[in-house]
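See below for the structure under consideration.
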Amino acid sequence: AAHLAAAIGADYLKLDVDAIVEDYVELLSTALGRELNWNTDDIALQNIQARVRAPGVWMIANLRNALLLATSNRSEAAVGYTTMDGDTCGGLSPISGIDKAFLRQWLQWLEKSGPSGTG
């Protein structure tokens, strides 16, 4: 991602959300009176990882007077494989009408050939 961002002149920012995830897990473990674990709470633990990124990327968009783009695609929407307020987070979904199979083919092309200067 960093290489592609540099090649196309985009910013690459890395947000470490691990501490925030841990805080949420501790908060809910205390509220529920039990430790959360991957055997019984897998989906909830996966979803909180996706959701804690949203406030940070929204804040970056706000600070830059920009529009946050969501990453959801048509295949995910068709089967309901999405994290609300996670990968659906954004003001516009430019790939929402494109299926995952096409996106994979396009990304393979981008990796191997790509537009001039990125492949």
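Residues whose amide H lies under 5 Å from that of ASP41, counting only those 5 or more places away or on a different chain, are absent; hydrogens are built 1.01 Å from N in the peptide plane.
Using the Cα centre of the chain as the reference point, and only Cβ charges (+1 on K/R, -1 on D/E), how large is the resulting charge dipole? Debye, rounded to the nearest 20.
With only Lys, Arg, Asp and Glu charged at Cβ, the dipole is about 560 debye.
Positive-end ranking of GLY33, LEU107, ALA78 along the dipole of region 2-112, with charges on Cβ about the Cα centre, is headed by LEU107.
Go through region 47-119 and name the trypsin sites (Lys or Arg not before Pro) that are in a DSSP coil and have 15 or fewer other Cβ atoms within 10 Å of their Cβ. Filter output for region 47-119: ARG64. Using a Gaussian network model of the chain in which every pair of alpha carbons under 10 angstrom is joined by a spring, one finds that among GLY97, GLY80, GLY33 the greatest mean-square fluctuation is at GLY33. Restricting the calculation to Cα atoms, the chain shows an Rg/Rh of 1.03 when the hydrodynamic-style radius is the Kirkwood one. With neighbours defined as other Cβ atoms within 10 Å of a residue's Cβ, the residues TRP106, TRP38 order from fewest to most as TRP38, TRP106. Sequence-ordered 3J(HN,Hα) estimates for region 83-92 from the Karplus curve with 6.51, -1.76 and 1.60 and θ = phi - 60° stand at 10, 4, 6, x, 6, 8, 6, x, x, 8 Hz, glycine and proline given as x.
Every number here is computed from the coordinates shown, using simple stated rules; none is lab data. Not measured: the values here are computed from a predicted model. Cβ: placed from backbone, ideal geometry, glycine included. Neighbour counts: every protein chain shown.
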